[in-house]
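Here's the structure, in structure tokens; my notes come after.
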Amino acid sequence: MREVLRARNVKLPGAERPRRLRANPALRALVRETRLDPGQLIAPLFVVSGRRRRDEIPSLKGHARISPDLALAEAHRLAELGVGGILLFGIPDSKDVRGEAAADESGPVPETLRLLKAEKLPLALAADVCLCEYTTHGHCGVLEGDRIDNDATLPLLAEAAVAYAESGADVVAPSAMMDGQVAALRSGLDSAGFDGTAIVAYASKHASVFYGPFREAAGSTPSFGDRKSYQMDPANGREALHELELDAQEGADILMVKPAITSLDLLARARDRFNLPLAAYQVSGEAAMIEAAAERGWIDRRGAILESLTAIRRAGADVVVSYFAADVAKWHNEAR
């Protein structure tokens, strides 16, 4: 049979040889459709009060809860690498049942924002807006019995957003998944004179198992139950698009999909449907999986990071929040 096939000397039509443009690195780079630019990446930072304080996060290799002075030093490093922005999460010294400390002007997020704003670094300064890090019960809103009171939560989220805007945030990012949260923030910001502060809406946010390391980092694991009554069922795609539509109507400037690895289909569908910039969050569990597999020699760390982030960009994300932002920026600069 081999001799017969060879004798036929089968030839493909001249136009059907896509491999021509894969022959060497220069050609592959020339026709590359999707590129990673550090300026499109946002690095998450976990901030706590104090000075010279650094508490390593075991499940997030290379990341720590850091005080504002160390956050400032890290921001300088990220800016020098060309990373586009940072996203701040605060862990307070004390918590209460309502999460009032989220809007505390002396809290770690406002303090860090003031330091960063004074430095005038070429970074977009974003602050997460949620109550889970600030409540004794770890849920993202005010409790009424064992139920989350959506509407009672909205004013607290708006107050926190205004506190962050006053401290220098360019962007506030509501992640509580309360109905109407974007409208509440937009109204609160505008009334306080911060109509120029942008909102990144965690619009499509599933109740995912991939948030585990983040909850350790932020100390936000619910003390009872789960978040499935307000975060979305991962099985629902049409609902995700509906949530995106609602947040766009309420005034979101950027729409976010989270977690990225299980939402590539939603990113692609959202890209076809919305003209707003799209963001995706490569969440803590995604980072932890790559780190764990790389440590065991099962995958190439750099290759896995770049391939996963390229897939997120290819699916339609304009902005990516990633724990690997600094790594990618460093590799990008080395290759120039």
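A few points about this structure:
- Compactness index (Cα Rg / 2.2 N^0.38 Å), segment 62-121: 1.21
- The alpha-carbon atoms of segment 80-214 define a convex hull whose volume equals 120 cubic angstrom per residue.
- With the simple model of a label 7 Å out from the Cα in the direction of the Cβ, S94 to K117 spans 2.6 nm.
- Axis angle, to the nearest 10 degrees, between helix 108-119 and the longest C-alpha principal axis of the chain: 70 degrees.
- Take the Cα of S191, step 7 Å toward its Cβ, do the same at A152, and the gap between the two points is 1.9 nm.
- Residue (of A240, P222, L267) at the positive-pole extreme of the chain, dipole from beta-carbon charges: L267
- Residue-span extension gain [N24 to N236] - 0.36 nm each, minus C-alpha spacing: 72.1 nm
- Acute angle (nearest 10 degrees) that the helix 301-315 long axis makes with the longest principal axis of the chain, alpha-carbon atoms: 80
- Against the criterion of solvent-accessible heavy-atom surface with a 1.4 angstrom probe, I312, I261 sort, most first, into I261, I312.
- H76 paired with E307, simple spin-label distance in nm, labels 7 Å along Cα-to-beta-carbon: 3.8
- The angle between the Cα long axis of helix 264-273 and the longest principal axis of the Cα atoms of the chain comes to about 80 degrees, rounded to the nearest 10.
- Relative contact order computed over the chain (Cα-Cα under 8 Å; 6+ residues apart), in percent: 17
- For segment 137-268, the Cα-based Rg and Dmax, in that order, read 14.6, 40 Å.
- Counting 0.36 nm for each residue step from R271 to A15 and taking away their Cα separation leaves a gain of 89.1 nm.
- Per residue, the average separation of C-alpha pairs within less than 8 Å and at least 6 apart gives segment 198-336 a relative contact order of 27 percent.
- For a paramagnetic label modelled on V209 (point 7 Å from Cα along Cα→Cβ), amide N atoms under 20 Å away belong, within segment 252-275, to 258-265.
- Residue-normalised accessible area of the chain, given per residue in Å² at a 1.4 Å probe: 48
- Oblate is the label for segment 191-242, because a/c, from the alpha-carbon gyration tensor with a ≥ b ≥ c as root eigenvalues, is 1.5 or above and a/b does not exceed b/c.
- A protection proxy built from the mean count of other Cβ atoms within 10 Å ranks the segments 58-70, 134-146, 297-309, most packed first, as 134-146, 58-70, 297-309.
- Of the peptides 30-40, 92-102, 175-185, the ranking by mean beta-carbon count within 10 Å, highest at the top, reads 175-185, 92-102, 30-40.
- Using alpha carbons only: equivalent-ellipsoid semi-axes of segment 198-336, gyration tensor based, whole Å: 25, 20, 13
- For the chain, adding -39500 (n - 2.57) for each run of n ≥ 4 DSSP H residues and dividing by the number of residues yields -12500 deg cm²/dmol at 222 nm.
- The Cα atoms of the chain cover 81, 42, 39 Å along the three principal axes, with the biggest extent listed first.
- On the chain, 51 percent of the accessible area sits on carbon and sulfur atoms, based on a 1.4 Å probe.
- Most tightly packed first, judged by the mean number of other beta-carbon atoms within 10 Å of their residues, the peptides 115-122, 148-155 read 148-155, 115-122.
The values are calculated or read from the model by the stated rules, or taken from the named source; none is laboratory data. Fair warning: this is a prediction, and the values are worked out from it, not measured in the lab. So basically every Cβ, Gly included, is an ideal-geometry build from the backbone, and we count neighbours across all protein chains shown. To get the accessible areas, we keep the full protein, side chains included, count just its heavy atoms, and leave off ligands, DNA and RNA. Shrake-Rupley method; radii C 1.70, N 1.55, O 1.52, S 1.80 Å.
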